[in-house]
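So the structure is just underneath, and the comments pick up after that.
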Amino acid sequence: MATEETLVLIKPDGVRRGLTGQILARIEAKGYELVDLKKFTPARGLLAEHYAEHEGKPFYEPLVEFMMSGDVVAARVAGHRVIEGFRSLAGSTEPTTAAPGTIRGDLGRDWGLKVQQNLVHGSDSPESAARELGLWFG
Ligand code: IDP
Ligand code: MG
């Protein structure tokens, strides 16, 4: 069986705050493999496809604007059960209540904005991972 892969994004807040290395180090320290990495400012079209499931929600436009506001680091990450494992490392969506010990719980906070700036994205299922890796890594 091929090793499972997931898409991790370090969002613009993580890159701007200089947390890229710390976040990637947590992934490596957990034992997952960084297969490929790229850094660029994503275009609206890519983000619209990536976040299609959220279209129409109140935070959708702020989310897209936020994600276009600077460079993102995209990582192809591999390992047995990495999809579930990275979601566990990341912590829950809302950084105020994300568990301490997680990326969002240790390094994130609520800034009182229309969208939660919560440092990272991780694919949430094998179907999402395949779709998102195709979008970001082609
Ligand atoms: P996830 O990143 O934990 O999987 P999703 O529900 O997929 O969370 O939402 C995508 C992103 O949209 C979140 O990471 C966060 O940045 C933002 N977001 C989600 N729900 C809300 C909300 O209720 N208010 C503000 N921002 C939100
Ligand atoms: Mg999600």
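Laboratory data are not the source of any read-out in this text; all were calculated from the coordinates shown. Predicted model, so just to flag it, every value in this text is computed and none were measured. Positions of Cβ are generated from backbone atoms using ideal geometry, with glycine treated the same way; all protein chains shown enter the neighbour counts.
The string of couplings for the range 26-31 from the Karplus curve (6.51, -1.76, 1.60, θ = phi - 60°) is 5, 5, 5, 5, 5, x Hz, one whole number per residue in order, with x for Gly and Pro. Restricting attention to the chain, lysine pairs at least eight places apart or on different chains and with alpha-carbon atoms under 26 angstrom apart total 9.
Estimated from helices alone, the mean residue ellipticity of the chain at 222 nm is -11000 deg cm²/dmol (sum of -39500 (n - 2.57) over DSSP H runs with n ≥ 4, per residue). Proximity of backbone amide H atoms, modeled 1.01 Å from N, is registered between residue 77 and 6, 8, 35 at under 5 Å, excluding neighbours fewer than 5 places apart on the same chain.
What are the semi-axes of the equivalent ellipsoid for the chain, taken as the square roots of 5 times the Cα gyration tensor eigenvalues, largest first, in whole Å?
On the way: eigenvalues 89, 67, 39 Å².
Working through the eigenvalues yields semi-axes of 21, 18, 14 Å.
Placing a pseudo-label 7 Å from each Cα along the Cα-to-Cβ vector at residue 92 and residue 106 gives an inter-label distance of 2.0 nm. Taking 0.36 nm per residue of separation and subtracting the Cα-Cα distance, full extension of the segment from residue 46 to residue 34 would add 2.1 nm. Note that the range 43-59 has calculated 3J(HN,Hα) couplings of 7, 4, x, 5, 5, 4, 5, 4, 9, 3, 5, 9, 4, x, 7, x, 8 Hz, one per residue in order, obtained from phi through the Karplus relation 6.51 cos²θ - 1.76 cosθ + 1.60 (θ = phi - 60°); glycine and proline are x. Its relative contact order, with pairs defined as Cα atoms under 8 Å and 6+ residues apart, puts the chain at 36 percent.
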